[in-house]
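Colleague: Input: one structure, supplied below.
The values are calculated or read from the model by the stated rules, or taken from the named source; none is laboratory data. Just so it is clear, the structure is predicted and the values come from calculations on it, not from any experiment. FYI the Cβ positions are ideal-geometry reconstructions off the backbone, even for glycines, and counts take in every protein chain you see.
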Amino acid sequence: MCFRKVRIFNTLYSRKYDKQIRDISAHLLQTLMSSHRSGNIREMEHLIERCVLLCETDTIDHLPNY
């Protein structure tokens with residue numbers, strides 16, 4: 001999975017849900033890049049959407065529990 005796609009999804013869902021999320025932590029990006037989800041773009045998109053919805057700061061720094 002590409003860093004660019006993660007950032008695109010972050011921007012898309014931040015706008016959709018009117019959130020001011022500006023960044024994704026380097027640690028989380030590294031986790032996402034090394035995870036088994038890397039080949040499934042739709043799953044990654046939904047994961048980023050959940051992260052945006054649950055994020056209470058301007059930086060996504062952890063994955064939601066599910």
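Colleague: Does Glu43 satisfy the condition of being in a helix (DSSP H, G or I) and in contact (Cβ under 8 Å) with a residue 24 or more places away in the chain? Spell out how you get there, then give the answer.
Modeller: Values: in a helix (DSSP H, G or I): yes; in contact (Cβ under 8 Å) with a residue 24 or more places away in the chain: no.
Judged against the criteria, Glu43 is not a match.
Colleague: If the requirement is being modelled with pLDDT of 90 or more and either over 12 Å from the mean Cα position of the chain (by Cα) or of a type outside the set (Lys, Arg) (or both), which of these qualifies: Leu63, Leu29, Leu53? It would help to see each step written out before you state the result.
Modeller: Details: Leu63 fails: modelled with pLDDT of 90 or more; Leu29 fails: modelled with pLDDT of 90 or more.
Only one candidate qualifies: Leu53.
Colleague: OK, next. Do we find that Thr31 is among the hydroxyl-bearing types (Ser, Thr, Tyr), free of Cβ contacts under 8 Å to residues at least 12 places away in the same chain and surrounded by 11 or more Cβ atoms within 10 Å (Cβ to Cβ) in this structure? Write out each step before concluding.
Modeller: Values: among the hydroxyl-bearing types (Ser, Thr, Tyr): yes; free of Cβ contacts under 8 Å to residues at least 12 places away in the same chain: no; surrounded by 11 or more Cβ atoms within 10 Å (Cβ to Cβ): yes.
Considered against the rule, which asks whether it is among the hydroxyl-bearing types (Ser, Thr, Tyr), free of Cβ contacts under 8 Å to residues at least 12 places away in the same chain and surrounded by 11 or more Cβ atoms within 10 Å (Cβ to Cβ), Thr31 comes out as no.
Colleague: Checking the structure you have, find out if any residue of region 56-66 is loosely packed, with under 12 Cβ neighbours inside 10 Å and among the aromatic types (Phe, Trp, Tyr).
Modeller: yes
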